[in-house]
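Reading through the structure tokens given below for one structure.
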Amino acid sequence: MLTLVVNGGVGSLTIGFVSAIGSLSIGTLLGLIAGYFMGRVDGFIMRLTDVFLAIPSLFVIIVAARILAEIGGGGMTTLIIVFVVFGWMGTARLVRGQVIAIRNFEYVEAAQALGVHPLRIAFRHVLPNAIGPVVVSAPFAVGGAIIGEAFISYLGYGVSPINPTWGNMLSDSQPFLLQGNWWWIFFPALFIVMTSLSINMIGDALRDSLEPAGRRQ
């Protein structure tokens, strides 16, 4: 049981961290472009974001994971791709709002007056000052991906049992639970809860440390 939980933790944490990095990177890039360049570029990216937000993501994630599992064997890469594709929209909107507020600051206008290339201004001067909310939301994205993997794998549409994760351990443990062997399902569920709680506490600590003291009061 200890070996299964440890190996399952490697799979679940890999899915959580890689999915969070991928979705946050895409959302940050699109939000930066939309917020800085505005106009038609902003309109196109925001309408694309609205389209993805209008899709019932949970249903689509389950269906997409099932289809990709049939094609590619249900590996961790399949689930990571699905989480990344349907997980960038909130970050894009968050970064866009931050960039719109920052692009009118005096140091940005000074760089524009000096003839600095717009991409250099966006990535070197604007992005570092807009990245704070993304850093705060990163732990919550990791925790959400871990819980999402557990939910989908529990339904039987996630990672195949060849690659152990806490989610497919919960799914595979159901027959043992009916036999009275409760520990087969208890320990994977316990580690999912403890890991998600720990990651969320890290996110809260980051938010408190990055927020101005006056705003916290």
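The values are calculated or read from the model by the stated rules, or taken from the named source; none is laboratory data. The shown structure was predicted, so the numbers you read here are calculated from the model rather than taken from an experiment. Here the Cβ is made from the backbone with ideal geometry for all residues, glycine too, and neighbour counts use every protein chain on show. Side chains are part of the model used for accessible areas, which takes the heavy atoms of the whole protein and leaves out ligands, DNA and RNA. Shrake-Rupley method; radii C 1.70, N 1.55, O 1.52, S 1.80 Å.
Helix 57-72 and the long axis of the chain differ in direction by around 70°, with both axes built from C-alpha atoms. Among 135, 64, 108, which residue has its Cα furthest toward the positive end of the charge dipole of the chain, with +1 on Lys/Arg Cβ and -1 on Asp/Glu Cβ? Selected residue: 108. Measuring only protein heavy atoms, the 1.4 Å probe finds residue 26 accessible over about 70 Å². Protein heavy-atom accessible surface, 1.4 Å probe, per residue over the chain: 54 Å².
Counting only protein heavy atoms and using a 1.4 Å probe, what share of the accessible area of the stretch 87-208 belongs to carbon plus sulfur, as a whole percent?
Of all accessible area on the stretch 87-208, carbon and sulfur atoms account for 67 percent.
Local charge for residue 127 was computed over the other residues whose Cβ lies under 14 Å away, with Lys and Arg +1 and Asp and Glu -1, and equals +4.
Pick out, in residue order, every one of the chymotrypsin sites (Phe, Trp or Tyr not before Pro) in the stretch 77-129 that is DSSP loop and has at most 13 other C-beta atoms within 10 Å; say none if there are none. Don't skip to the end; give the middle numbers.
Values: sites: 83, 86, 88, 105, 107, 123; in loops: 86, 88, 105.
Those that pass, being in a loop and sparsely packed, are 105.
Which whole-angstrom value gives the distance between the alpha carbon centres of the stretch 89-109 and the stretch 191-205? Distance between centres, Cα-based: 29 Å. The equivalent ellipsoid of the stretch 106-192 has semi-axes of 50, 12, 7 Å, largest first, where each one is the square root of 5 times an eigenvalue of the Cα gyration tensor.
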